[in-house]
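Structure first, then comments.
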Amino acid sequence: MGGCASGQGLSEAAILAQLLQHTKYTRDEIIVLRAVFKKMARKAMGKEFIVRDQLLAYLQLSEFKDCLFADRLFKVIDANRDNQVDFIEFCLGLSAILKGNFQDKIAFLFKMYDLDGKG
């Protein structure tokens, strides 16, 4: 989802610059998303992340937590497949869903239905 490096080890300014380049969010929107993410995030080994249930709760999809849709949504947003969503993955995923153009949304939906990842 978008040619953006993992946020681990990057400064806040570098993360902001990457997200401004690779999402459709404004600087102010990214700052708000960062505050929201920090409130939800767990910390382990120097990394901030959210897990599947937290993402679904944020998207108000908790009632669907046991269905394939929720599983696929999380897996598509978790681009590096570590079962955790970092801040950059969070922003890239939300940007595609909420602010993407028609092509962005089609690409996201294709990934949702591409169960084996082979296109």
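If every alpha-carbon in segment 60-119 counts as one equal scatterer, what log10 I(q)/I(0) does Debye give at q = 0.19, 0.26 1/Å? Listed by q, the Debye log ratios stand at -0.72, -1.26. Surface composition of segment 6-106: carbon and sulfur atoms hold 56% of the protein heavy-atom accessible area at a 1.4 Å probe. Counting only DSSP H runs of at least 4 residues, each contributing -39500 (n - 2.57), and dividing by the residue count of the chain, the helix-based mean residue ellipticity at 222 nm comes to -15500 deg cm²/dmol. Hull volume per residue, based on the alpha-carbon atoms of the chain and their convex hull, is 108 Å³.
A convex hull fitted around the alpha carbon atoms of segment 13-68 yields 118 Å³ per residue.
I'd like to check one number: the per residue accessible area of segment 23-119, probe 1.4 Å, reported in Å² as a whole number. Please list the in-between numbers first.
Numbers: 5920 Å² over 97 residues.
Accessible area per residue, segment 23-119: 61 Å².
Look at the alpha carbon pairs under 8 Å that are at least 6 residues apart: their mean separation over the length of the chain gives a relative contact order of 29 percent. By the rule of a C-alpha distance below 21 Å, with chain neighbours fewer than 8 residues away ignored, the lysines paired with K99 are K24, K75, K111. The Cβ shell under 15 Å around N83 holds other residues with a net charge of 0, Lys and Arg each +1, Asp and Glu each -1.
The values are calculated or read from the model by the stated rules, or taken from the named source; none is laboratory data. Since this is a predicted model, take the numbers as computed values, not measurements. We place every Cβ from the backbone using ideal geometry, glycine too, and count neighbours over all the protein chains shown. Areas reflect the complete protein model, heavy atoms only, side chains present, ligands, DNA and RNA absent. Shrake-Rupley method; radii C 1.70, N 1.55, O 1.52, S 1.80 Å.
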